[in-house]
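K.L.:
Structure in C-alpha cells, see below.
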Amino acid sequence: MTKIFVCLAVVGGCLLIYACGGVASNNSSNAIVSNATSTTNTTAVHPESTVADADLAKGKELYNKNCANCHKESGEGGPTVVDGRKMKPDNLTDDRRKRLSDDKYIETMVKGIEDEGMPSYKDKLTDAEMHEIVRYIRVSLQQQPDTGSTSSTAPSNPAPANTAAKNTNTSPK
C-alpha cells in the first residue's frame, strides 16, 4: 500500500511540475496545459490583453477575407489558380518572410506586385487593418512572439538579409 501511495505521489508531482513548468507541445492533448501556462503568465493578469486578442481575431478575419485565397489559411502559399490565372504566392511562414520588416509587408500590400498577381490593397484596407493582418501573420502563422504592436513605427523584425547584397553602395563615404 505504501508503494502505491509513493508511486501516485511521484506521478502527481511530475504532472504538477510538467503543468507549471510551461512545457508546451503542438499536439492537441497538451493544448490545455500550454494555454493554461500562457494564460497564467500573460493574459489573466492583464485585462488589456483581451483587446489585443480581439485585434488578433480581427487580423485573422481580414487575412482570411483578403489573403487566404492565394496564400492559403496556413500562410504557406504555393501554386494556385485565382480568377483563371496561375500563380505561386509566397510562403509567408518561411524563414525569408519571417525576416522581412513589418513595413515591407505593408509596402507590398499597398503597392501590390502586379507581375506576380498580388493586387494593391491601398483602396481596400485601412493602414490599421493592414497592420492587424501583419500582426496576425507574425503571431499565428509565423509563430513569433506577440509584441502587441500594430503601429507602423514598431516593425517587429529587421530588414531582410538580402537587402544589403542588393544595395552595395549604401555605406557612408
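The numbers here are math on the coordinates, done by the rules we state, and not lab data. Predicted, not measured: the structure shown is a model, and the values here were computed from it. Glycine also receives a Cβ, built like all others from the backbone with ideal geometry; neighbour counts cover every protein chain displayed.
K.L.:
Could you work out the local net charge near N66, counting Lys and Arg as +1, Asp and Glu as -1, over the other residues with Cβ closer than 9 Å to its Cβ?
P.N.:
Around N66, the surrounding residues sum to +1.
K.L.:
Still on this structure: Would you please give the FRET efficiency between E107 and A128, computed as 1/(1 + (r/R0)^6) with r the Cβ-Cβ distance and R0 = 25 Å, to the nearest 0.05?
P.N.:
Taking R0 as 25 Å, the efficiency between E107 and A128 is 0.95.
K.L.:
Let me ask something else. Place the peptides 89-96, 107-114 in order of packing, highest mean first, counting for every residue the other Cβ atoms within 10 Å and averaging per peptide.
P.N.:
89-96, 107-114
K.L.:
While we're here: Can you tell me the FRET efficiency between R99 and A54 if r is taken as the Cβ-Cβ distance and R0 is 25 Å, rounded to the nearest 0.05?
P.N.:
Computed FRET efficiency for R99 and A54 comes out at 0.35.
K.L.:
Test of understanding: what is the full-extension gain from K88 to T147, defined as 0.36 nm times their sequence separation minus their Cα-Cα distance?
P.N.:
18.3 nm
K.L.:
Continuing with this model, one more query. Note down the net charge around G112, summing +1 for each Lys or Arg and -1 for each Asp or Glu among other residues with Cβ under 12 Å from its Cβ.
P.N.:
On the way: positive: K111, K122, K124; negative: E107, E114, D115, E116, D123.
Spelling it out: positives minus negatives among the neighbours equals -2.
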